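In what follows, a single structure is set out as structure tokens and then discussed.
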């Protein structure tokens, strides 16, 4: 049984004067512990699909099942990490990472300690009493990841979480996030425009074509790359080969 199943999904945005088809006939699955990237040009519906999987948008048609249950009954099992960290500036880092636990009514002493330990594992020692403005962009994104993981979601949704960072910080954070998700055997879906990021972090890459959004092609990342940290994967010969293959497919999509 697949962990996440999306079947015959359609979505249309309606206004008073028009109807725009964002997604058409999307069928895919994600296995438990798998890291899958959604890649494609602007307008192919990647973020719309992510929002539907997260239960934030009701699709026009089709179904989304998490562990064989409708997604709307499983929203507490899903964590969402966005481009912006959305940390509350008036709260300390400790208060920020405990926020999800507090909202869910799970803020026990044991959970507080687990969140604090996770912060340390992310290389953020002695920042609990700090405020977000005192941290760099990369550190804030790591805090946002800790806040998300602290609630122990079964499925983690990553919507271009590194796009606002400088390249060096982005590469470092890719390694941090990848290592953390593998350590906790988390299932994750990443939405990105960055081919290199998708290859370096993923087990599988699903390429979408636009107008309306459809699954164009699926790429399996070679085992030799999956076993490497993202930074080292970028220097492997198979990385360059896969990058070129995906680039060619994107050019084909642009010409359609």
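The values are calculated or read from the model by the stated rules, or taken from the named source; none is laboratory data. The shown structure was predicted, so the numbers you read here are calculated from the model rather than taken from an experiment. Here Cβ is always computed from backbone atoms with ideal geometry, including for glycine, and neighbour counts include all displayed protein chains.
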Inset, instruction - Tell me, yes or no, whether region 139-155 has at least one residue that is touching a residue at least 12 places away in the same chain (Cβ under 8 Å), under 27 Å from residue 23 (Cβ atoms) and surrounded by fewer than 19 Cβ atoms within 10 Å (Cβ to Cβ). - result: yes
Legend entry - Elements of type strands (runs of 3 or more DSSP E) contained in region 1-86, each with 1 or more residues being on the phi > 0 side of the Ramachandran plot and assigned by TED's automatic domain parsing to the domain that holds residue 184: 4-14, 19-30, 61-66
Inset, instruction - Please indicate, with yes or no, whether at least one residue in region 170-183 is touching a residue at least 40 places away in the same chain (Cβ under 8 Å), assigned by TED's automatic domain parsing to the domain that holds residue 45, under 26 Å from residue 44 (Cβ atoms) and part of a loop (DSSP other than H, G, I, E, B). - result: no
Inset, instruction - Could you please give the count of residues in region 76-94 that are out of contact with any strand residue (DSSP E or B) (no Cβ under 9 Å at 6 or more places or on another chain) and either touching a residue at least 40 places away in the same chain (Cβ under 8 Å) or over 16 Å from residue 142 (Cβ atoms) (or both)? - result: 10
Legend entry - region 119-138: number of residues that are part of a helix (DSSP H, G or I) and either in the same structural domain as residue 29 (by TED's automatic domain parsing) or at pLDDT 90 or above (or both): 3
Inset, instruction - For region 150-172, name all the residues that are within 8 Å of the chain's Cα centre (by Cα) and at negative phi. - result: 156, 157, 158, 159, 161
Inset, instruction - Give me a count of the residues in region 234-253 that are in contact with a helix residue (DSSP H, G or I) (Cβ under 7 Å, 6 or more places away or on another chain) and either surrounded by 14 or more Cβ atoms within 10 Å (Cβ to Cβ) or farther than 17 Å from residue 39 by Cα (or both). - result: 7
